[in-house]
Amino acid sequence: MIHPIVKFGDPVLETPAKPIEKFDDELRTLVADMFESMYAASGVGLAAPQIGIGLRLAVIDVSNGKNPEAKIVCANPEIIHSEGEQREEEGCLSVPGFRGYVGRPTYVTVRAQDATGAEFEMRGEGVLARAFCHEIDHLNGTLFISHLSLLKRDLIKRKIRKLKKAGDW
């Protein structure tokens, strides 16, 4: 099932998500729905708060669905190591139409659980490292625009207010 993507302004996006405690069929269905929703929106990552669900769950596929083995499920993820720095342009499905350059680590190691609750560690580089950071930010109630300069962030927020006023957001 494809879920609608929650947009900037919804409180669920700025609220830290709750840890996942039950790894059951309901969770696995949610994971499948999240991948379907992410692909439908042409994203490379999707956090549960982005579909209005305040759980520490994210899905990532930097291959855009081209490689089934690139699908990553991160329940209760945390970054346990990071190094280097990359500064690239980022966007977000919850802030459609807006992009900005964000500094992120070049390499990150994440500890998380899969859809069955099994714990794993994974090292990501480049785009995958960026995706891990971006999605874990969502689970902590932080959007990519908070990493932009105050000027750029305020410009985006003003434009969004105008879109809301016009009924286009």
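The values are calculated or read from the model by the stated rules, or taken from the named source; none is laboratory data. Given the structure is predicted, the values throughout are model-derived calculations rather than measurements. All Cβ positions, glycine included, derive from the backbone under ideal geometry; neighbour counts span all protein chains shown. These area figures cover heavy atoms from the full protein model, side chains too; ligands, DNA and RNA do not enter into them. Shrake-Rupley method; radii C 1.70, N 1.55, O 1.52, S 1.80 Å.
Go through (1) modelled with pLDDT of 95 or more; (2) farther than 14 Å from residue 138 by Cβ; (3) not in a helix (DSSP H, G or I) for residue 31 and report which single condition fails.
For residue 31, the failing item is (3).
Would you mind telling me which numbered condition in (1) open to solvent by less than 80 Å² (accessible area, probe 1.4 Å); (2) without any contact (Cβ under 8 Å) to a residue 24 or more places away in the chain residue 12 fails?
Unmet for residue 12, out of (1) open to solvent by less than 80 Å² (accessible area, probe 1.4 Å); (2) without any contact (Cβ under 8 Å) to a residue 24 or more places away in the chain: (2).
Could you run through the stretch 25-34 and say how many residues are surrounded by 12 or more Cβ atoms within 10 Å (Cβ to Cβ) and farther than 28 Å from residue 98 by Cβ?
4
Mind checking which residues of the stretch 44-70 are in a loop (DSSP other than H, G, I, E, B), farther than 14 Å from residue 130 by Cα and in contact with a strand residue (DSSP E or B) (Cβ under 7 Å, 6 or more places away or on another chain)?
Selection gives 54, 56.
Pick from the stretch 53-71 the residues that are in contact with an Asp or Glu (Cβ under 7 Å, 6 or more places away or on another chain) and modelled with pLDDT of 95 or more: which of them is most open to solvent (accessible area, probe 1.4 Å)?
Once the filter is applied, the top-ranked residue is 71.
List the strands (runs of 3 or more DSSP E) inside the stretch 84-169, counting only whole elements, that have at least 2 residues being open to solvent by less than 20 Å² (accessible area, probe 1.4 Å) and modelled with pLDDT of 95 or more.
Those strands (runs of 3 or more DSSP E) span 99-104, 107-113.
Show the residue pairs meeting these rules: Cβ distance below 6 Å; 6+ apart or different chains; first residue within the stretch 112-136 and under 13 Å from residue 84 (Cβ atoms); second residue hydroxyl-bearing (Ser, Thr, Tyr).
Between residues of the stretch 112-136 that are under 13 Å from residue 84 (Cβ atoms) and residues that are hydroxyl-bearing (Ser, Thr, Tyr), the close pairs are 123/109; 125/107; 129/107.
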